[in-house]
Amino acid sequence: MAAFIGPFLILLAVFQYWPVITMLRDSLYSFQLLNPAQRSFIGLDNYLYLLSDPDRIEAFLVTFGLAAGLVCTVIPVSFLLAVYLNAVMPARALVRTIVFLPVVTSAVVIATMWTFLLEPNNGLFNSVLSAVRLPRLAFLTSEAQALPSVVLMMLWQQTGFGTVLFLSGLQSIPRELEDAAAVDGASTLQRLWHVTLPLLTRTTVFVVVMMTVFSLQAFAPALIMTGGGPDGTTNFVAFDIYSLAFSMQLPGMASAESVVFMLIVLSVSLAQMRLLRAKWIY
């Protein structure tokens with residue numbers, strides 16, 4: 001048994017537990033990556049500065065805004081698409097594959113593609129707007145439009161994942177329940193509201209938590225599409241950690257922000273397990 005489990009435990013310790021321990025240690029020091037030997041112990045000063053720095057607070061608020069925007073859009077879109085794909089239709093398997101394709105595509109490829117689509121001069125979206133005589137939009141260079149543009153990109157990317165989850169939930173609902181509601185005179189919308197949605201409670205909770213975790217970890221859109229701008233409106237936490245460590249040469253501060261970020265993601269995961277273990281009354 002030890003021969004089978006041992007290599008996995010070693011890899012787990014080297015690539016997961018040891019980096020976390022190192023991150024916790026580094027968060028208590030002030031040093032530079034170019035000269036890590038010259039470090040000074042500062043205790044909790046990195047955390048105190050993190051909680052009082054407007055730029056770091058803005059990064060967390062922007063990330064929470066991204067999470068809220070993605071959850072509020074991907075849930076209804078994924079559910080309606082799953083209801084549509086659950087019906088009998090020609091080439092259903094092919095359509096499902098097309099819907100799920102963005103999920104398995106590299107985030108870097110998707111961010112690069114959407115950068116070209118939203119380009120202010122020759123982007124496809126602005127070309128369409130010009131063709132119908134509408135003003136061009138500064139999608140990624142406008143403080144008001146940058147974050148919604150990233151939400152739109154992530155909605156396109158993650159809708160397939162939510163759709164697959166909702167589709168599996170729909171297929172697990174006993175057909176007899178919907179047939180009984182139809183016999184009682186319930187319309188399609190009434191069956192959807194009073195039968196389908198309550199029975200998809202667990203699936204909905206799981207999709208909400210997964211979309212929240214995905215959005216909290218957003219990095220490629222800020223790195224490739226906006227560079228965290230304009231004026232910090234897309235400076236997500238993951239990108240802010242990267243900037244602190246490698247651009248500003250403040251790995252101690254980056255480690256402190258990583259610890260706080262890890263605790264937030266861990267809290268979301270614990271909430272997921274608690275909600276999924278709850279006894280739902282339908």
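Computed values, structure above
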quantity: Potential extension, GLN217-LEU197 segment - 0.36 nm per residue separation minus Cα distance; calculated: 4.4 nm
quantity: Cα centroid of segment 214-255 to Cα centroid of segment 116-168, whole Å; calculated: 21 Å
quantity: Dipole in debye (nearest 20) - the chain, about Cα centre, beta carbon charges: Lys, Arg +1; Asp, Glu -1; calculated: 640 debye
quantity: Cα long-axis angle, helix 54-86 against the chain (0 to 90 degrees, to the nearest 10); calculated: 20 degrees
quantity: TYR29 long-range amide H proximity, modeled H, under 5 Å; calculated: ILE42
quantity: Folded to 0 to 90 degrees: helix 251-277 orientation relative to the chain principal axis, Cα; calculated: 30 degrees
quantity: Approximate spin-label separation LEU9-VAL95, in nm, with each point projected 7 Å along Cα-to-Cβ; calculated: 5.1 nm
quantity: Fully extended contour minus Cα-Cα distance, from PHE64 to ALA2, at 0.36 nm per residue; calculated: 18.0 nm
quantity: Extension gain, LEU48 back to LEU34 (0.36 nm per residue minus Cα-Cα distance, nm); calculated: 2.6 nm
quantity: Rough spin-label spacing in nm, given labels placed 7 Å along Cα→Cβ, for LEU124 and SER142; calculated: 2.0 nm
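Throughout, read-outs are computed from the coordinates displayed, never taken from laboratory work. Please read all numbers here as calculations on a predicted model, not as lab measurements. FYI the Cβ positions are ideal-geometry reconstructions off the backbone, even for glycines, and counts take in every protein chain you see.
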